[in-house]
Amino acid sequence: MNKKIGIIGCGNMGEALINGFLSSSLVSAEGLFGCEANQAKAKDISQKYKIDMTKDIAELVKISDVVIIAVKPQIVPQVLADISKDINDSKLIISIAAGVTIKTIEAALGEARIVKVMPNTPVLVKKGMSAICLGEHANDKDKELAVQLFLCVGEVVVIEESLMDAATGINGSGPAYFFYLMEKLIDAAQEHGLSKEDARRLVVQTALGSAMLVSQTDEEPVTLRQKVTSRGGTTEAATGVFEKAAVGKIVKDAITAAVKRSKSLSGG
Ligand SMILES: NC(=O)c1ccc[n+]([C@@H]2O[C@H](COP(=O)([O-])OP(=O)(O)OC[C@H]3O[C@@H](n4cnc5c(N)ncnc54)[C@H](OP(=O)(O)O)[C@@H]3O)[C@@H](O)[C@H]2O)c1
């Protein structure tokens, strides 16, 4: 790619993007720049990935064709104020900050080309799921570029901004739901005598295998579940307990709570 990419905030997510971009060879180290407030972190990133790091946010924006905002949401207003005078329509702005709407960014930057992305933590191992939406002034090439960039760290869906709160409740927070279930399964396995190490291995590989089975076949999760469930067997004994406790409703209520919270954080 012949575009220069600048990343503001090289913490967990920013570093995962740097790692993903460079290992995909889509972006070269010469075409990637970082701006990081934490100087120890900045030094570490520059040594590890051999990219130029700057303290000067305006300098980063000037040299970048694509500016990725990857600071915590509460820092975003300051970052927008710092970069606004150097933004023009030659630059694409990509924000991954949760709860910061395109409208908020446009209010600070004017008629800028903006793409908003909701990634999730598995981007750290290039198995992320990112939902992408476009601002009014972003074009098809911007969409293509954003999709290409986030494919370096996993999968991508392009949706309307009005659906971003729903996506946040599913893919943004989603890893925590699966971790929660895994946590409880590991506890239960230990209660039934397995060692912590064996319990973890049994649970993690079962989760990984199940996700891969769903992703690599055309079958729906419900069909795959039915195939594991023989009448009167162990799976039916367990899923019967789920049904009795109305786990399906609990999951729906939990997602509704997450989506509602996302809406309130983004001012909706
Ligand atoms: N983690 C997730 O699951 C997830 C999912 C989707 C979206 N996101 C979004 O991703 C963004 C980053 O999250 P994160 O977990 O990567 O946060 P993080 O680890 O705290 O990284 C942000 C980095 O930016 C630095 N920073 C602060 N102010 C700066 C400035 N003005 N200029 C340059 N760097 C600055 C911080 O340094 P200091 O520590 O010194 O302040 C920190 O190293 C957030 O907006 C979050 O909403 C996260």
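Evaluate the relative contact order of the chain (contact order divided by residue number), counting alpha-carbon pairs under 8 angstrom at least 6 apart; express in whole percent.
Computed value for the chain: 14 percent relative contact order.
What dipole magnitude, in Debye to the nearest 20, does the chain give about its Cα centre under +1 on Lys/Arg Cβ and -1 on Asp/Glu Cβ? Let's see the in-between values first.
Values: 31 positive and 32 negative charges, 96 e Å.
Magnitude of the dipole: close to 460 debye.
Could you do me a favour and compute the accessible area per residue for the chain, 1.4 Å probe, result in Å²?
Computed with neighbouring chains in place, this is 58 Å² per residue.
Would you mind calculating the gained length between residue 148 and residue 52 on full extension (0.36 nm times residue separation, minus the Cα-Cα distance), in nm to one decimal?
Once the chain is fully extended between residue 148 and residue 52, it gains 32.3 nm.
Per the 1.4 Å probe, what fraction of the accessible area of the chain, in percent, lies on carbon and sulfur atoms?
56
Which distance in Å, rounded to a whole number, links the C-alpha centroids of region 1-51 and region 165-235?
Value for the Cα centre distance between the two parts: 34 Å.
Determine, from the Cβ-Cβ distance of residue 254 and residue 78 and an R0 of 30 Å, the FRET efficiency 1/(1 + (r/R0)^6), rounded to the nearest 0.05.
Working: r = 33 Å, r/R0 = 1.10.
Approximately 0.35, to the nearest 0.05.
Give the long-range amide H neighbours of residue 115: residues separated by 5 or more places, or on another chain, with amide H under 5 Å away, using H modelled in the peptide plane at 1.01 Å from N.
Counting only residues 5 or more places away or on other chains, the set is 93, 94, 95, 135.
What's the percent breakdown of Cα-Cα distances in region 8-153 across 5 Å bins, shortest bin first?
2, 10, 21, 25, 23, 15, 4, 0
By how many nm would the segment from residue 163 to residue 247 lengthen if fully extended, with 0.36 nm per residue of separation less the alpha-carbon distance? Please list the in-between numbers first.
Values: separation 84, 0.36 × 84 = 30.24 nm, distance 2.46 nm.
Contour length minus the Cα-Cα distance gives 27.8 nm.
Could you tell me the number of lysine pairs in region 1-60 with C-alpha atoms less than 16 Å from each other, where the two lysines are 8 or more residues apart or belong to different chains?
Counting lysine pairs in region 1-60 gives 4.
Counting DSSP beta bridges with both partners in region 60-172, what percentage is antiparallel, nearest 5?
25
Calculated FRET efficiency, residue 188 and residue 126, Cβ-Cβ r, R0 22 Å, to nearest 0.05?
FRET efficiency, residue 188 to residue 126: 0.15.
Convert each backbone phi in region 112-127 into a coupling constant with the Karplus relation 6.51 cos²θ - 1.76 cosθ + 1.60 (shift: θ = phi - 60°), then list the ³J(HN,Hα) values in order as whole Hz, x for Gly and Pro.
8, 7, 10, 10, 10, 10, 10, x, 9, 5, x, 4, 4, 10, 6, 10
In region 167-216, if the dipole is taken from +1 on Lys/Arg beta carbons and -1 on Asp/Glu beta carbons about the Cα centre, which of 171, 206, 185 is farthest to the positive end?
Final value for the positive-end residue is 171.
In terms of Cα to Cα distance under 20 Å, which aspartates and glutamates are near enough to residue 227, apart from those fewer than 8 places away along the same chain?
218, 219, 236, 243
Expressed in nm to one decimal, what extension gain is obtained for the pair residue 263 and residue 63 from 0.36 nm per residue of sequence separation less their Cα-Cα distance?
Numbers: separation 200, 0.36 × 200 = 72.00 nm, distance 3.45 nm.
Gain on extension, residue 263 to residue 63, equals 68.6 nm.
Looking only at the chain, where both bridge partners belong to it, what percent of the DSSP beta bridges are antiparallel (to the nearest 5)? The partial results should precede the final answer.
On the way: 4 of 28 bridges.
So the antiparallel bridges amount to about 15 percent of the total.
For residue 54, what residues show an amide H to amide H distance below 5 Å, using hydrogens built from the backbone and excluding near sequence neighbours?
Counting only residues 5 or more places away or on other chains, the set is 34, 35, 36.
About the Cα centre, and with charges only on the beta carbon of Lys, Arg (+1) and Asp, Glu (-1), how big is the dipole of region 23-156? Nearest 20 debye, please.
So the magnitude is around 480 debye.
The values are calculated or read from the model by the stated rules, or taken from the named source; none is laboratory data. No experiment lies behind these values; they were computed from the predicted model shown. Heads up, the Cβs are rebuilt from the backbone with ideal geometry, glycines too, and the neighbour counts pull from every protein chain shown. SASA here: full protein model, heavy atoms, side chains in, ligands and nucleic acids out. Shrake-Rupley method; radii C 1.70, N 1.55, O 1.52, S 1.80 Å.
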